[in-house]
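The next block holds one structure in the form of structure tokens; read it before the comments.
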Amino acid sequence: MRLQTVTQPDSVDPDGRWAKMDAVSSVDDEGFVCRGGPSESILDPKGLIIFFEDRNFQGRSHECSTDSSELNSYFSRCNSIRVENGNWMIYERPNYTGQQYFVKRGEYPDCQHWSGLSDSVRSCRLIPQHCGSFKLRIYEREDFRGQMMEFTEDCPHVNEEFNYHDIHSCNVLEGHWIFFEQPNYRGRQYFLKSGEYKRFTDWGAMNARVGSFRRISDLY
């Protein structure tokens with residue numbers, strides 16, 4: 001692994017929640033920070049989500065314990081969900097496309113409880129458990145250019161912290177995160193796992209607007 005030394009952060013939040021910088025102290029060939037202890041993502045084999053065709057857990061149901069790219073053959077509509085175990089993303093369309101919604105252990109008696117706009121659920125994904133720290137960098141421009149800030153905790157108001165309404169690229173260094181189109185964790189949702197996102201279309205968005213984001217830190 002090749003390391004290069006670059007500049008330190010030019011300002012740091014006293015609470016340690018974010019750092020504003022041009023770059024970090026050591027970066028490997030892929031641009032990942034090389035400091036701190038290792039983190040792990042563990043896929044829990046006991047994940048279980050149950051989809052119901054009607055509200056209040058009525059009608060035909062289908063149980064799922066792992067990722068499913070196509071749910072059409074199991075039910076024609078979904079109006080309630082019970083999550084027995086695991087953290088999940090459910091998708092409006094097959095192959096993990098369309099509007100996304102995060103659900104965790106609990107009961108969702110109608111689609112409004114997961115902020116859904118319709119009874120269409122066509123694919124689902126079990127999110128691996130993350131045991132370790134969280135780290136995310138957001139950028140003002142595409143391809144990791146322009147002003148950058150690094151976060152390790154939830155951010156309910158991106159504009160207040162970042163001074164921009166839009167995020168055009170990001171690098172998820174550790175953990176799993178959800179972007180929300182509006183402040184206070186409202187609006188369209190986008191699931192981000194570890195990796196590089198050179199432009200907003202890489203996380204499935206139609207525009208660069210991000211109002212808030214949070215970690216997926218629920219253990220199960």
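What follows draws every value from the coordinates through simple rules; no lab data is involved. The model shown is predicted, which means the values in this text are computed figures rather than measured ones. Don't worry about glycine lacking a Cβ; one is built from the backbone with ideal geometry, like all the others, and counts go over all protein chains shown.
Okay, here's what the table says:
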| read-out | value |
| --- | --- |
| Taking I50, I167 and counting other C-beta atoms within 10 Å, the order from fewest to most | I50, I167 |
| Cα gyration tensor shape of the range 129-173, rounded if a/c is under 1.5, else prolate or oblate by comparing a/b with b/c | oblate |
| Dipole in debye (nearest 20) - the range 48-127, about Cα centre, beta carbon charges: Lys, Arg +1; Asp, Glu -1 | 100 |
| Cα shape, the range 48-127, gyration tensor, a/c 1.5 rule | rounded |
| Fewest-first sequence of Y139, Y108, Y164 by Cβ atoms within 10 Å of each Cβ | Y164, Y139, Y108 |
| Sparse-neighbour loop sites [GluC sites (Glu not before Pro); the range 55-117; at most 16 other C-beta within 10 Å; DSSP] | E70 |
